[in-house]
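Peer 1: Have a look at this one.
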Amino acid sequence: MHFTTILTGVVALIAPLATAAQVPAYNLTQALESGNWNKYHCMDTNRVVKLLPKCLTKCNYIANSKDGCAYDDIACHCVNYNKYSPLVEKCAFPKSMGGDGACTLAELGVARPIVNDVCNFFNATLYANYVHCPQRLSPRKTFTLIAEGNGLKVPNQQG
Ligand SMILES: *[C@@H]1O[C@H](CO)[C@@H](O)[C@H](O)[C@H]1NC(C)=O
Ligand SMILES: *[C@@H]1O[C@H](CO)[C@@H](O)[C@H](O)[C@H]1NC(C)=O
């Protein structure tokens with residue numbers, strides 16, 4: 001199936017839930033960049049961690065097990081950003097930035113665009129790229145967050 005067909009299906013699927021709320025923010029042009037579909041297929045926590053500076057490893061493991069999403073469901077962690085992000089930040093940020101962690105500003109600067117690209121992709125595609133993947137997923141949690149407009153932003157980057 002063509003990517004945009006899948007995507008249209010996903011948007012149609014969440015539209016009834018999202019009418020009273022908002023959908024996650026994303027830049028579609030960025031999400032559709034060539035290579036992303038393969039790069040992020042069946043993405044799980046271990047693979048996200050491998051993309052990021054080492055100082056974030058433990059904090060990602062902790063946050064991904066504490067935010068209420070299935071551990072290896074990156075779509076859920078990304079939509080759950082309001083809950084997920086403070087968990088990682090407190091753990092990883094240095095004291096000078098209000099955290100208990102040991103990441104340097106340079107490491108955080110490396111991580112930011114990587115996390116942004118991962119979450120931009122999953123905000124745009126949600127479960128479309130998780131078909132036939134082995135891990136346990138938590139779509140009910142994700143779609144509940146979306147339906148509740150739980151800190152979600154109106155898409156502001158139409159690409
Ligand atoms: C993904 O969506 C969540 C929920 O709307 C939002 O907080 C987060 O900033 C979005 N991530 C990106 C990269 O747009
Ligand atoms: C969306 O992503 C594309 C490709 O990465 C980029 O060129 C464009 O500036 C982005 N749009 C916005 C509004 O950020």
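The values are calculated or read from the model by the stated rules, or taken from the named source; none is laboratory data. Please read all numbers here as calculations on a predicted model, not as lab measurements. All Cβ positions, even for glycine, are placed from backbone atoms using ideal geometry, and neighbour counts span all protein chains on display.
Peer 1: Could you say whether any residue in region 75-83 is within 23 Å of A31 (Cβ to Cβ) and of a type in the set (V, I, T)?
Peer 2: There is at least one residue in region 75-83 that is within 23 Å of A31 (Cβ to Cβ) and of a type in the set (V, I, T).
Peer 1: Of all helices (runs of 4 or more DSSP H) completely enclosed by region 1-107, which ones contain at least 3 residues that are modelled with pLDDT of 95 or more and more than 17 Å from the chain's Cα centre (by Cα)?
Peer 2: The helices (runs of 4 or more DSSP H) meeting that bar are 81-92.
Peer 1: Is it true that some residue in region 113-128 is modelled with pLDDT of 95 or more, over 14 Å from Y40 (Cβ atoms) and over 17 Å from the mean Cα position of the chain (by Cα)?
Peer 2: no
Peer 1: So, in region 88-98, how many residues would count as being away from ligand 1 (no atom under 14 Å from the Cβ) and within 21 Å of V118 (Cβ to Cβ)?
Peer 2: Summing the residues that are away from ligand 1 (no atom under 14 Å from the Cβ) and within 21 Å of V118 (Cβ to Cβ) in region 88-98 gives 4.
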